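The values are calculated or read from the model by the stated rules, or taken from the named source; none is laboratory data. Note that the structure is a prediction, hence the values are computed from the model and not measured. Here the Cβ is made from the backbone with ideal geometry for all residues, glycine too, and neighbour counts use every protein chain on show. In case anyone asks, the SASA skips ligands and DNA or RNA and just uses the protein heavy atoms, side chains included. Shrake-Rupley method; radii C 1.70, N 1.55, O 1.52, S 1.80 Å.
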Amino acid sequence: ETLLVVEDEDAVRSLAVRILAEYGYTVLDAANGKDALQTLREANSTVDLLVTDVVMPGMGGPELAQKTRRLLPDMPVLFVSGYADQRERMRDALEHDAAFLRKPFSPADLARAVRALLDA
């Protein structure tokens, strides 16, 4: 399965990519929402799951998820944030095929959240 990780912090993005690759996933990555949409267009619908930070400059995770679902309506999304209050603020975005994972997360927590969405 192929995942797209979108995170504006280089160290966090690199860590997530490395963790998910170690679990056997093919991982694409982008530093922002604009690059993520371009990657999705170029991937020709082969991305199975979007993993995105919630708060990013320019285009946050919820907006990215909305635009992604215009291209790929059934795309599951894992939102990730270090801000505790984001889960409550994102209630609408979490309605279907989406989940929330709070930073910092363990490799096992990330892998479990990804697998749960892919298997849903």
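Odds and ends about this structure:
- Among the residues making up region 32-41, those that are closer than 16 Å to Arg70 by Cβ and surrounded by fewer than 20 Cβ atoms within 10 Å (Cβ to Cβ) are Lys34, Leu37, Gln38, Thr39, Arg41.
Each row is one residue, and each column tells you yes or no for (1) in contact with an Asp or Glu (Cβ under 7 Å, 6 or more places away or on another chain); (2) in contact (Cβ under 8 Å) with a residue 12 or more places away in the chain; (3) open to solvent by 10 Å² or more (accessible area, probe 1.4 Å).
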{"position": "Gly24", "(1), (2), (3)": "no, no, yes"}
{"position": "Val47", "(1), (2), (3)": "no, yes, yes"}
{"position": "Pro57", "(1), (2), (3)": "yes, yes, yes"}
{"position": "Ala65", "(1), (2), (3)": "no, yes, no"}
{"position": "Arg69", "(1), (2), (3)": "no, no, yes"}
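- Identity of the residue in region 90-119, within 12 Å of Val77 (Cβ to Cβ) and modelled with pLDDT of 90 or more, that ends up least open to solvent (accessible area, probe 1.4 Å): Val114
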